[in-house]
Amino acid sequence: MTFRLASRVLIAGFAAFGSTPAVAAIVLKYQFRPGAESRYALSVENRTEIRNPVASPQPIVTVMTTAAEMVQRVKAVAGGVATLETRLDRPTVTLLGTQSALKHEFAKLLARTRFNVRVNERGKIHGIDEARGVPAEVKRFVASLGQALAQFQPVFPETGVEIGATWTNTVLAPHALATGDIVTTKIVATFGYVGPKETSGRRGESVSVKMEITMGGNVKQAGRVFSVDVKGTGNGEILWDNDTGSVVTSDISVNLNGAWKSAAMTVEQMSKVTTKLVRQ
């Protein structure tokens with residue numbers, strides 16, 4: 001073998017040894033079959049600290065936890081958009097770890113509540129219908145929950161993605177507060193495809209999410225007009241089953257810091273909301 005030929009063989013060998021096989025891009029998308037049901041264990045913990053020197057020298061801390069089996073049924077699919085009827089089975093609502101009679105009644109009302117979410121195969125929300133036949137406070141809670149679920153579910157690009165790819169989705173929508181007031185919320189979510197993953201015996205495609213959140217508007221409380229200015233961040237992970245086109249698990253935490261300002265006072269509010277979904 002000549003020196004030149006041997007060199008070529010060695011170079012080819014090193015090139016083959018050092019190369020890595022290309023990973024094909026994967027197209028992530030939802031799948032909807034009319035009549036199909038998906039069941040998830042849902043838990044939402046909301047820890048809120050309010051500082052209002054006028055009302056109390058000490059901060060007021062509340063921890064509200066909602067747990068239920070969330071059921072989504074595909075009612076119809078038309079024009080590439082599915083209507084998902086959503087309900088909460090066996091919900092429980094606790095405040096500071098104690099389920100009061102008031103919260104028990106609230107939970108019973110939640111169990112009778114239905115609302116529809118319209119979404120396409122990329123995860124883009126086309127609308128959330130208001131819950132009907134329930135008191136206003138339940139409507140507001142369900143609207144807030146529906147908006148949260150819509151914001152935290154993955155939205156996928158039209159094209160395939162490779163490991164390490166990132167994409168951004170922006171949501172600008174009205175948000176119902178517990179007071180009944182409506183403020184404008186903007187969420188800029190950056191998703192990232194991490195790759196195949198197995199967690200606790202469950203396999204899927206790991207998708208990371210990071211969020212930048214702003215919320216603002218005017219609300220009325222106790223005869224005063226407050227301007228609301230809230231900013232926050234969120235992060236978490238979604239395990240996605242691309243064979244069934246559905247979420248396997250989702251674990252996302254959001255931290256919000258804001259101020260409610262009027263001519264007479266400023267109320268500061270800090271919240272941490274952790275939302276978890278586990279497919280049953």
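Quick note: the coordinates plus some simple rules give every number you see, no bench work behind them. Quantities reported herein were computed from a predicted structural model and do not represent experimental measurements. Here the Cβ is made from the backbone with ideal geometry for all residues, glycine too, and neighbour counts use every protein chain on show.
Tabulated results
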quantity	calculated
Calculated from backbone phi, Karplus (6.51, -1.76, 1.60) coupling profile of region 74-79 in Hz, x at Gly/Pro	6, 6, 6, 9, 8, x
Computed lengthening from ILE163 to LYS124, 0.36 nm per intervening residue step minus Cα-Cα distance	11.8 nm
Around GLU121: net Lys/Arg minus Asp/Glu count, Cβ-Cβ under 15 Å	+2
GLN221 paired with ALA24, simple spin-label distance in nm, labels 7 Å along Cα-to-beta-carbon	5.5
Two-decimal log10 I(q)/I(0) for region 175-238, as the Debye equation yields it once each C-alpha is a single scatterer, q = 0.15, 0.16, 0.21, 0.28 Å⁻¹	-0.62, -0.66, -0.84, -1.12
